[in-house]
Each structure stands twice: as C-alpha cells, then as structure tokens.
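Here's the structure, in structure tokens; my notes come after.
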Amino acid sequence: MAQIEASSPHTMNTYGRLPIALSHGQGVHVWDVNGKRYLDALAGIAVNTLGHNHPKLVPALQDQISKIIHSCNYYHVPNAEKLAAKLVELSGMTNVFFGSTGLEANEAAIKLARKFGHDKGIERPEIVVYEKAFHGRSIATLSATGNEKVQQGFGPLVEGFIRVPLNDIDALKQATEGNPNVVAVFFETIQGEGGINQMRIDYLKQVRALCDQKDWLLMIDEVQCGMGRTGKWFAHQWAGIVPDVMPLAKGLGSGVPIGAVVAGPKAANIFQPGNHGTTFGGNPLAMRAGVETIRIMEEDGLLESAARVGAHLKGALQRELGNLDGVVEVRGQGLMIGVELARNCSVLTQRACDAGLLISVTADTVIRLLPPLIMTEAEADQVIAILVPLVKDFLAQ
Ligand SMILES: *Cc1c(COP(=O)(O)O)cnc(C)c1O
C-alpha cells in the first residue's frame, strides 16, 4: 500500500485533508492510489460536471493541448468569443470577462459595482451582502463573505459592505434606507459553503424589482449553484429573473480552472481598456473546456437529468431521514442537496470516505451532496444505500 503522509511537509497547512489521494476516475467513480473505489457525490466541490474521464471531453482536451494551451491576452482566442456567446445566449445577458477561479470572478464583480458607483459620482460605493455568504478568500471576497472563521486574522477587512439576513426584503430595505452610496446587491441563489441555503423565488423577484427601482446592480454569485446543477443553467432562472452581473466558475470547465463574470446591459460597458485583466483568463485550454462542457451538457440532456436525478435523490433522503430526530431539514435543488443535522457532523466526511463515498460537510452541520451531473438514478440509489445507514448510526450515538 502506498503510504499517504498524514501531513505534507512542503505544502502549506491550509486544508484539513482526508488521508487518501485519488489516482484516477471513470464516470461517477474514483480510485485512490491504493486501488480503493469511491462513489463521487462531491465532484471536486461542484467542479467535475461531467464526472471523470468523460469519453467526449477527454479527446477534445487532448486535441486542444496538442494545439495550444496558452497564448495570452495580446491576441484573440476564438473559443473565448464562442464561449462568451454561448454564456450570453444561456443567461440572457450581454458580455463576459474570463478569469480562472471563483474568487477572481467575484473580485471582478466587486470592481464592476464600485466603478458603476464612481461613474455615477458615488465616491464611497457600498454593496449589500448576506449572512452566511461565501464569495472566496481574497481580501475583498473574504470581506464580502459572511463567516467570521474565513475573516479571522486577515483584518482590516475591505470596507463598503452592508450585511443583511437572507430572504427578508424588509431587512434589506431598512439596511439601505436613505443611503445614497448603495450600488449593488450581491448574493448566491443557493448558498453553498454556508449550508445549502436557498433564496426564495418571491425574494429573488422582490430584490430584482428593488434593484431596478433604485438603479442598483443585482449581482448573483452562481459559482457553485450555476452551470446546470439545479436543473436550469443558472439557479436564479427558476425565478425568471436576469441579474446584471453573474460570477461563474467551478463547474464551467468540468475540472479545468476557469472563471467568468457575465454582465447584462447595465454592467457590460463599465470596464474600459486598462481597468481589468488577468494572465490566465480566457486561455485556449480553459475556453475549450468551457465550450465542450456546455456542448456535451446540451447533447446529453444533463440539465433535465440533474433535475430528475436530484429530485429522486432528495426525495429518497427525505423519506429515509427527513422525519428522524436529529435531522433538521433535507433541502436543495437538483444535484445540490443539503441534509442539516442538529449537531456538528463533520466526522461523517471521513466515515463516508471509509465506506467508499465522497461527500462533504459544510457549516459544521450540513451534509452536502454535489454529484457530477452525469449521475444516474441507479447511482443515486447507491449514494442513498451508503449514506443513510451512516447518518442513522451517527444519530444513534
Ligand atoms: C467556491 C466558491 C467561490 C470561490 O471560488 P474559488 O474558485 O475557490 O476562488 C466563490 N463563490 C461561491 C459561491 C463558491 O462556492
């Protein structure tokens, strides 16, 4: 058996890692370096949209790597225009800026909001953000994040954020009343790291209307809940609204690092030459990954499948666990599902791993499932067959 170091002495000690290393994958399964197989219900935290070793994605990426991996933003990248056009079509928005990660997409969103304000003569623009939000770990995005653990030790935080509770339109109105410096409202349609907390459809519509009325940007972080995971391309589309700014990342490249901020007419022309840029953003490999991921999702009907398999999975979890003492709620949409327990259940990540299932626990008490969108109902049944007894055992302790 290959020895997995309990700690990696040369990498910084930033992650509480499980003592396994993955070697390869196929579909919804991965194998560790000792040959043990796992059912992947996490997809690298909502990244591996098409699972592992996808028969359509891998040859396309191989072809791209053999042609050109990176050029640079001095030159046009045809697939960047192609992917941008596709994202515009799917979102009903107008222009895209490409980066490489979620926080980078959110940084761009925050910069857009601030310059939107400055262009209107607002010198100290403020952005509304939410309790339990997660927007990344750069100084600006951790300041927008609503989790003290993420912020601890990194002050002073970036100013210009107003924090409000979820799904409370009166609280939003009160927190911003008479404040001429507000420029944007910024949230995740379904909070991921915060514990699979959904914005209600009526609330989404109310905030859209308020932003229109006040001339604020509606900025929706779809980094985790977007890209088909809920059964629509973007989770806010369930409310029939269109944001002004939409950061994307995780699932967009099916494993290849990529981020994007999509802008509607109110935000599409805020950045002028010299205002923003990044070396890796929009590079040929990432752009090919994005183009092919969306093409394959469309060809294989993965939105419809995510909705159907997700409903099946959530229904089974509700039936098996929903009424048990110690289970607070089973919630989520499509293949973004949370099971909230009444106490800290972080230990379940390791126990599931031992039992051959990859999941995560977020916000201490929420079991989080984010499977690849290729997961079938039969595979979802295997998730249930492993997870439900583990949770029952945990509750009995
Ligand atoms: C993961 C995540 C981010 C940060 O993305 P990185 O690629 O890790 O920088 C931002 N927002 C949301 C909603 C996320 O889930």
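The values are calculated or read from the model by the stated rules, or taken from the named source; none is laboratory data. Since the model is a prediction, treat every value here as computed from it, not as a measurement. Quick reminder, even Gly has a Cβ in these numbers, built from the backbone with ideal geometry, and neighbours come from all protein chains shown. Heads up: the accessible areas ignore ligands, DNA and RNA and are worked out on the full protein's heavy atoms, side chains in. Shrake-Rupley method; radii C 1.70, N 1.55, O 1.52, S 1.80 Å.
Structure notes:
- Checking Phe97 against (1) surrounded by fewer than 23 Cβ atoms within 10 Å (Cβ to Cβ); (2) not in a helix (DSSP H, G or I), the condition it does not meet: (1)
- Single match in Gly102, Gly92 (criterion: surrounded by fewer than 24 Cβ atoms within 10 Å (Cβ to Cβ) and of a type outside the set (D, E, K, R)): Gly92
- The one condition from (1) polar (S, T, N, Q); (2) within 16 Å of the ligand (Cβ to nearest atom); (3) over 26 Å from the mean Cα position of the chain (by Cα) that Ser66 does not meet is (2).
- For first residues located in the stretch 255-267 and open to solvent by less than 10 Å² (accessible area, probe 1.4 Å), partners that are among the acidic types (Asp, Glu) and at pLDDT 95 or above and lie 6+ apart or on another chain with Cβ distances below 7 Å form the pairs Gly259/Glu104; Ala263/Asp244; Gly264/Asp244; Ala267/Asp244.
- Within the stretch 189-236, the residues that satisfy the criterion of being open to solvent by 40 Å² or more (accessible area, probe 1.4 Å), of a type outside the set (Asp, Glu), free of Cβ contacts under 8 Å to residues at least 60 places away in the same chain and not in a loop (DSSP other than H, G, I, E, B) are Ile201, Lys205, Gln206, Ala209, Gln213, Lys214.
- Inspection of the stretch 334-342 finds a residue satisfying the criterion of being among the charged types (D, E, K, R), touching a strand residue (DSSP E or B) at 6+ places or on another chain (Cβ under 6 Å) and not in a helix (DSSP H, G or I).
- The residue of the stretch 139-162 that is farthest from Arg200 (Cα to Cα), among those that are within 16 Å of the ligand (Cβ to nearest atom) and surrounded by fewer than 17 Cβ atoms within 10 Å (Cβ to Cβ), is Phe154.
- Selection count, the stretch 361-383, where residues are at negative phi and crowded, with 19+ Cβ neighbours inside 10 Å: 15
- Selection from the stretch 26-43 of residues that are closer than 18 Å to Met297 by Cβ and either surrounded by fewer than 19 Cβ atoms within 10 Å (Cβ to Cβ) or out of contact with any Leu (no Cβ under 9 Å at 6 or more places or on another chain) (or both): Gly27
- First in the stretch 237-250 and more than 16 Å from the ligand (Cβ to nearest atom), second anywhere and among the charged types (D, E, K, R), Cβ under 7 Å, 6 or more apart: Trp238/Lys232; Ala239/Lys205; Ile241/Lys205; Ile241/Arg208; Asp244/Lys266
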